[in-house]
């Protein structure tokens, strides 16, 4: 049985708390609430990002290799792969508009300019275009009106920073008819911005090169009127705003941090096989990967999944250190970071980039009373027009998982070994991606937690309707056989094959695709 019966055990964060296990622990399924109902799971060659074509009832799925799989959703309870397509490179993302779909393709090595492949799907496949677009194309999406294709050009360096192309956002004007052989491609860059001001506001400069080269677009969300795009700059802890018609980046907003010393915003910072969520003199840099957006009464909001992104993949540069090192360097206030606290938190990764000793009034004696960690283990909502923070979930996610699925609290699903608390020193539950959808008059944010592997659901219906919105964590679903949610795709009821809203999740580690009914 996919999901066992659930008994209500209490109230958690405004929602019913229930625990379901199928079979002997630690195997089984766990759920808070009843918003998500799993319909089917199928194995894939790879499963990360998916896009849906309503007219054909087909899903297009990519997963980091050179294959695209087409899944028939005519019967959502029995999805099946009907075709596998070889692509001209390793695919990083896929998007659909009408009967067209486009795939972003990485080059080898990845810092070189990559490509976009556009195809038409009818009774057969027709390649309409294959064109070079920008350095390291990552996420891509059509605008809602289909007039443009936007590509996040990450522009990451090579291992030694010998090659470090500038990142940007490619805006490809979609031809109204005919082949995609004659294209207008504009790459909106960051060179026209006041970089000194952005750094002073908290936009991070990472890497061994200049500030502009350190800005690396990751994920894109677009306003319903197709005029504005918001782009996550994960390592930089910021969001860029794009004027699509002007083909220009108009602003970059820093995303700030979560203060883990404040009640309601704690974390488990120790790897000791226990659940110990507490307050510490730590600040979690949000650094979102996936983002989404919605509009209420003309006011845009941006939702962020605050995964965290330490820069530790390069030989030439890193921003990762430890409290022990910062203490030895004399950068921490010894009255706050006592030898006992430094020892207790010795395993947690912190940033060496943020220097509060540069601001004397915030750091008495030139030593910091706090340190910065990567990722805030939370979901945030920002005002899309001003960049102001409106709401943050704090430690809701970690506390909920500790009650609903304690055996899987901060476990590392990538290794497929059930060892609770193994990720508490490294980004915790790790919110990876988020999408927003409306069901029966309610608006939900669906959040994939990468290493913990569950899907959390927040009711955000009251945003824009009250001056003090209070989202509720209404559901969480975890099946440990589905590991590493990467892409979360919402299909509204009016476009769904079965007339019911669906959530499609691609699980990177287990290479499975799971479809849920949304109630």
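Using the structure shown, decide if residue 467 is touching a residue at least 24 places away in the same chain (Cβ under 8 Å) and more than 20 Å from the chain's Cα centre (by Cα). For residue 467, the condition - touching a residue at least 24 places away in the same chain (Cβ under 8 Å) and more than 20 Å from the chain's Cα centre (by Cα) - is not met.
How about the range 476-507: which of its residues are part of a loop (DSSP other than H, G, I, E, B), more than 16 Å from the chain's Cα centre (by Cα) and surrounded by fewer than 24 Cβ atoms within 10 Å (Cβ to Cβ)? Lay out the reasoning, then the answer.
Initially, the range 476-507 is screened for residues part of a loop (DSSP other than H, G, I, E, B), giving 479-484, 492, 496-501.
With the extra rule that they be more than 16 Å from the chain's Cα centre (by Cα), the set shrinks to 479-482, 492, 496-501.
Scanning the range 476-507 gives 479, 480, 481, 492, 496, 497, 498, 499, 500, 501.
Does residue 473 satisfy the condition of being in contact with a helix residue (DSSP H, G or I) (Cβ under 6 Å, 6 or more places away or on another chain), touching a residue at least 24 places away in the same chain (Cβ under 8 Å) and crowded, with 22+ Cβ neighbours inside 10 Å? For residue 473, the condition - in contact with a helix residue (DSSP H, G or I) (Cβ under 6 Å, 6 or more places away or on another chain), touching a residue at least 24 places away in the same chain (Cβ under 8 Å) and crowded, with 22+ Cβ neighbours inside 10 Å - is met. The set of residues in the range 158-189 that are more than 16 Å from residue 131 (Cβ to Cβ) and more than 26 Å from the chain's Cα centre (by Cα) comprises 160, 162, 163, 176, 177.
Among the residues of the range 246-270 satisfying the criterion of being part of a loop (DSSP other than H, G, I, E, B) and touching a helix residue (DSSP H, G or I) at 6+ places or on another chain (Cβ under 9 Å), which is surrounded by the most Cβ atoms within 10 Å (Cβ to Cβ)? Break it down stepwise before answering.
Just the residues of the range 246-270 that are part of a loop (DSSP other than H, G, I, E, B), to begin with: 246-247, 255-256, 260-266, 268-270.
From the residues that got through so far, the ones that are touching a helix residue (DSSP H, G or I) at 6+ places or on another chain (Cβ under 9 Å) too are 264, 266, 268-270.
Values: 264: 11, 266: 21, 268: 26, 269: 23, 270: 19.
Here the answer is 268.
When the residues of the range 190-215 are filtered to those that are closer than 30 Å to residue 145 by Cβ and surrounded by 18 or more Cβ atoms within 10 Å (Cβ to Cβ), the one that is nearest to the chain's Cα centre (by Cα) is 215. Quick check: is even one residue across the range 313-321 surrounded by fewer than 18 Cβ atoms within 10 Å (Cβ to Cβ), modelled with pLDDT of 90 or more and under 23 Å from the mean Cα position of the chain (by Cα)? Yes, because at least one residue in the range 313-321 is surrounded by fewer than 18 Cβ atoms within 10 Å (Cβ to Cβ), modelled with pLDDT of 90 or more and under 23 Å from the mean Cα position of the chain (by Cα).
Applying the selection to the range 440-453, what residues are surrounded by fewer than 24 Cβ atoms within 10 Å (Cβ to Cβ) and closer than 14 Å to residue 301 by Cα? The answer is 443, and nothing else.
If you filter the range 454-470 down to residues that are in a loop (DSSP other than H, G, I, E, B) and at pLDDT below 95, you find that the one that is surrounded by the fewest Cβ atoms within 10 Å (Cβ to Cβ) is 467.
For residue 345, are the conditions met, namely being over 24 Å from the mean Cα position of the chain (by Cα), buried (at least 16 other Cβ atoms within 10 Å of the Cβ), at pLDDT 95 or above and farther than 19 Å from residue 423 by Cα?
Details: over 24 Å from the mean Cα position of the chain (by Cα): yes; buried (at least 16 other Cβ atoms within 10 Å of the Cβ): yes; at pLDDT 95 or above: yes; farther than 19 Å from residue 423 by Cα: no.
Here the answer is no, as residue 345 does not meet what is asked.
Any chance the range 171-182 includes a residue that's under 30 Å from residue 313 (Cα atoms) and modelled with pLDDT of 95 or more?
Narrowing the range 171-182 to residues under 30 Å from residue 313 (Cα atoms): 171.
Filter once more, so that each one left must be modelled with pLDDT of 95 or more: 171.
Yes, that holds for at least one residue.
Kindly evaluate residue 185 against the criterion of being at pLDDT 95 or above, outside any loop (DSSP other than H, G, I, E, B), buried (at least 21 other Cβ atoms within 10 Å of the Cβ) and out of contact with any helix residue (DSSP H, G or I) (no Cβ under 7 Å at 6 or more places or on another chain). The answer is no for residue 185.
Can you list the strands (runs of 3 or more DSSP E) lying wholly within the range 37-144 that have 3 or more residues being out of contact with any helix residue (DSSP H, G or I) (no Cβ under 9 Å at 6 or more places or on another chain) and either on the phi > 0 side of the Ramachandran plot or buried (at least 18 other Cβ atoms within 10 Å of the Cβ) (or both)? Break it down stepwise before answering.
Working: elements: 49-53, 58-62, 67-72, 80-86, 90-97, 100-106, 113-121, 125-135, 137-142.
It comes to 49-53, 58-62, 67-72, 90-97, 100-106, 113-121, 125-135, 137-142.
So, in the range 423-446, of the ones that are in contact with a helix residue (DSSP H, G or I) (Cβ under 8 Å, 6 or more places away or on another chain) and in contact (Cβ under 8 Å) with a residue 60 or more places away in the chain, which residue ends up farthest from residue 348 (Cα to Cα)? If we take residues in the range 423-446 being in contact with a helix residue (DSSP H, G or I) (Cβ under 8 Å, 6 or more places away or on another chain) and in contact (Cβ under 8 Å) with a residue 60 or more places away in the chain, then 439 is farthest from residue 348 (Cα to Cα).
The values are calculated or read from the model by the stated rules, or taken from the named source; none is laboratory data. Please read all numbers here as calculations on a predicted model, not as lab measurements. Cβ atoms come from the backbone with ideal geometry, glycine included; neighbour counts cover every protein chain shown.
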